[in-house]
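Report on the structure given below.
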């Protein structure tokens, strides 16, 4: 067993203002995404996106925050928020959903692209390859907070989390940081060159992300502790696996329709 490193979630306190590691991870993720998308715009001569870059980023960030909160409320804890509706606004109490964030980003991005006559799928292909960077940082933030830990295990690298009781557990946040962050980013970053070189249909990178993340999340959920308020469906499947399976289906559909249009 490895001792859990007790890192103070608060980096610095300035009176009522507290700077937290989790918030810093979001900032790092947004910053990395900004730099990497801008690099692709230059690399692939995407002059059509350059004038909209700053405004689209703002819309996407708003969509992410709203979607992440609404997703958590609807998917994971709706009965509680029905009884305490004002708590829906208390973001500082935690409660964000990746799947909700993804839906929020897609709707916000699609709305902006439609309004400004940009191709949504080809725009999404540029942005989506950078998402794993934010995911990797975010899972490190979860680890520092001691939340979203894994199930009880006897593996040599198990840890006892402060909020997880006395039993050693999988550090599933680190699994996700590596797989959703490092591995998925590497795969997508390499694929993007082939995507542009081989002129794959628009939406191919979006589909690759949906399928890749969906498969990784479905796998990790088997060692991640399910949300206590909903548990497992039929004693086997978690909400995260259900939502991730839908991502895989959506990614497969995008691929099928994209290549079918190109090769009727």
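Read the figures in this text as sums done on the coordinates, not as results from a lab. Computed from a predicted model, the values in this text were never measured in an experiment. Cβ atoms come from the backbone with ideal geometry, glycine included; neighbour counts cover every protein chain shown.
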For this session: Would you please put 151-161, 208-218 in order of how densely packed they are, using the mean number of other Cβ atoms within 10 angstrom per residue and starting with the highest?
Result: 208-218, 151-161
For this session: Based on a Kirkwood Rh over C-alpha pairs, give the Stokes-Einstein translational diffusion coefficient of the chain at 4 °C and viscosity 1.567 mPa s in µm²/s.
Result: 66 µm²/s
Exercise. When every alpha-carbon pair in the range 59-118 is counted, what percent end up more than 12 Å apart?
Worked result: 64 percent
Exercise. Alpha carbon centre of the range 1-50 versus the range 114-137: separation in Å?
Worked result: 17 Å
For this session: Taking all pairs of distinct Cα atoms, average 1/r, flip it, and tell me the Kirkwood hydrodynamic radius of the range 152-240 in Å to one decimal place.
Result: 15.2 Å
Exercise. Rounded to the nearest 5, what % of the DSSP beta bridges within the chain are antiparallel ones?
Worked result: 100 percent
Problem set entry | Residue of 23, 181, 15 that the Gaussian network model of the chain assigns the largest fluctuation, springs spanning Cα pairs under 10 Å | 15
Problem set entry | Overall dimensions of the range 5-58 as given by Cα atoms, namely Rg and Dmax in Å | 16.5, 47
For this session: Stick to Cα atoms and the Kirkwood definition of Rh, then tell me Rg/Rh for the range 20-145.
Result: 1.01
Exercise. Using the C-alpha atoms of the range 41-86, what convex hull volume per residue, in cubic angstrom, is computed?
Worked result: 82 Å³
Seminar exercise, completed: For the range 179-221 the translational diffusion coefficient, Stokes-Einstein from a Kirkwood Rh over Cα pairs at 4 °C and viscosity 1.567 mPa s, in µm²/s, is roughly 120 µm²/s
For this session: Treat the range 113-264 as a sphere of radius equal to its Kirkwood radius over Cα pairs and apply Stokes-Einstein at 10 °C in a medium of 1.306 mPa s; give the translational diffusion coefficient in µm²/s, rounded to a whole number.
Result: 94 µm²/s
For this session: Write down the Kirkwood hydrodynamic radius of the range 147-186, to one decimal in angstroms, obtained as one divided by the mean of 1/r over all alpha carbon pairs.
Result: 10.6 Å
Problem set entry | In degrees, nearest ten, helix 53-76 long axis to first principal axis of the chain (Cα) | 40 degrees
